[in-house]
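> Below is one structure. I have some questions about it.
Readers should treat all values here as calculations from the given coordinates under stated rules, not as data from a laboratory. All figures in this text were calculated on a predicted structure; none of them were measured in a lab. Here the Cβ positions follow ideal geometry from the backbone for every residue, glycine too, while neighbour counts run over all protein chains shown.
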DNA sequence: TACGTATAAATCGCATGCGATATAAAAATA
DNA sequence: TATTTTTATATCGCATGCGATTTATACGTA
């Protein structure tokens with residue numbers, strides 16, 4: 001079957017533009033906390049599992065050290081995380097939320113854009129799972145190509 | 001109901017990470033064309049409707065002149081588009097695909113990541129529409145807040 | 001016509017993402 | 001043990017996105 005030619009039918013563009021829309025929706029909320037979106041999800045990930053290594057955090061966030069290191073250094077400068085190099089293996093850096101970081105994450109627990117999504121609870125959850133499935137399929141297909 | 005606390009259940013993070021995954025999937029393909037993803041969708045949009053103004057193109061791509069102008073200048077330097085300031089209203093710039101730009105878009109017609117998405121034709125189309133709906137709901141809710 | 005306002009692009013600065021590479025340390029192996 | 005290879009993080013450069021502002025032009029109105 002011939003592929004879609006119109007941008008409005010591209011799945012990749014739906015994702016791309018939805019990501020921009022989430023960015024626009026989150027910005028005013030996160031501005032009040034003084035966080036960017038990436039900083040926010042980094043803190044959420046560490047709240048969920050503290051003391052991750054840079055690469056472990058990267059697996060959760062789908063990012064690598066080239067992106068994470070500058071972000072973590074900034075979060076450290078802000079006082080929300082601590083980067084500790086391991087003594088047994090000095091290549092490894094573990095990242096911990098500080099007390100201030102935990103307080104910030106608790107403040108952020110009230111963030112809720114569900115209404116803005118215009119979905120039922122069921123619809124929200126199933127859409128979320130479908131997109132995660134899509135993401136994982138894309139990444140799997142990339143692994144196969146190596 | 002209490003909001004999800006785990007990153008893996010965030011709808012915004014599903015979209016965010018799926019967007020990164022699409023980026024990783026597209027990069028090797030677009031590298032062969034010498035295009036970035038944003039340059040690619042810009043050319044697709046102009047192929048669909050040529051001679052758009054910068055702001056008209058921005059409505060299609062959900063971007064504004066601060067992002068588009070540098071990209072359009074680069075595409076112009078590459079010879080794929082032409083930027084023409086209108087004579088009746090010199091504030092307006094219209095963007096046209098060059099012959100070379102049309103050739104490039106035709107080459108790109110063969111790009112197809114459908115298999116990598118792991119979806120049936122029906123599933124693909126309905127997921128695409130759901131995500132577009134989500135995006136539009138998010139943007140609508142932002143309008144209301146102004 | 002003169003002047004304030006609105007509009008379209010462009011400019012600037014900051015924060016990502018990421019390919020390529022560098023650095024340093026650990027592991028493997030000759 | 002000496003040397004090579006692998007691994008974890010960091011650095012660098014480029015290309016977005018976007019808020020804030022600037023510039024240039026058009027428009028509205030006294």
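> Per residue of A:62-70, what is the mean number of Cβ atoms on other protein chains within 10 angstrom of that residue's Cβ? Intermediate values should be presented prior to the final figure.
Working: counts 9, 2, 0, 0, 0, 1, 0, 0, 0.
So the per-residue partner count for this stretch is 1.
> Which distances, in nm and shortest first, link the residue A:115 label point to the same label point in every other copy, taking 7 Å along Cα→Cβ?
Ordered by increasing distance: 4.7 nm.
> I would also like to ask the following. What nm value, rounded to one decimal, do you get for the distance between residue A:142 and residue B:64 when each label is placed 7 Å out toward the C-beta?
It works out to 3.0 nm between the two label points.
> Could you work out how far apart the two model spin labels at residue A:122 and residue A:31 are, taking each label as a point 7 Å from the Cα in the direction of the beta carbon, and quote it in nm?
Between residue A:122 and residue A:31, the label points sit 3.8 nm apart.
> What angle do you read, to the nearest 10 degrees and between 0 and 90, between the alpha-carbon axis of helix B:65-78 and the longest principal axis of chain B?
That works out to roughly 50 degrees.
> Run the label-point distances for residue B:6 please: 7 Å along Cα to Cβ, every other copy, nanometres, shortest first.
In ascending order, 3.9 nm.
> Sorted from shortest, what are the nm distances separating the label point of residue B:70 from equivalent points in the other copies, each placed 7 Å from Cα along Cα to C-beta?
Here residue B:70 shows inter-copy label distances of 1.2 nm.
> A follow-up question, please. Taking the simple approach of a point 7 Å from Cα along Cα-to-Cβ for both residue A:8 and residue A:84, what is their distance in nm?
5.5
> Measuring from the axis that superposes chain A on chain B, report the chain A residue with the minimal C-beta distance, rounded to whole Å.
Spelled out as residue then distance in Å, it is A:19, 2.
> Sticking with this one: Provide the convex hull volume over Cα atoms per residue for region B:18-109, in Å³.
On the way: hull volume 9.0 nm³, N = 92.
Each residue corresponds to 98 Å³ of Cα convex hull volume.
> Also, I was wondering about something else. Pick from B:61, B:75, B:35: which is most flexible by mean-square fluctuation in a GNM of chain B where alpha carbon atoms under 10 Å apart are linked?
Among B:61, B:75, B:35, the largest GNM mean-square fluctuation belongs to B:61.
> Among A:50, A:31, A:89, which one shows the biggest mean-square fluctuation in a GNM of chain A, springs joining Cα atoms closer than 10 Å?
Ranking A:50, A:31, A:89 by mean-square fluctuation puts A:89 first.
> If you don't mind, another one. Cα extents of the protein assembly as shown along the three principal axes, largest first, in whole Å?
Computed over the protein assembly as shown, the largest-to-smallest principal extents equal 61, 48, 39 Å.
> Show that you can apply the helix-only estimate: for chain A, add -39,500 (n - 2.57) for every DSSP H stretch of four or more residues, divide by all residues, and state [θ] at 222 nm to the nearest 500. Please list the in-between numbers first.
Values: 7 runs with 95 residues, N = 146.
So the calculated ellipticity at 222 nm is -21000 deg cm²/dmol.
> State, as an integer percentage, the relative contact order of chain A based on alpha-carbon contacts under 8 Å between residues 6 or more apart. Could you put the intermediate results ahead of the total?
On the way: 101 pairs, mean separation 24.9, N = 146.
In percent, rounded to a whole number, it is 17.
> Need one value for A:113-120: mean number of C-beta atoms belonging to other chains within 10 Å of its residues' C-beta atoms.
Values: counts 6, 4, 2, 9, 8, 7, 5, 0.
Mean shielding by partner chains, rounded to a whole number: 5.
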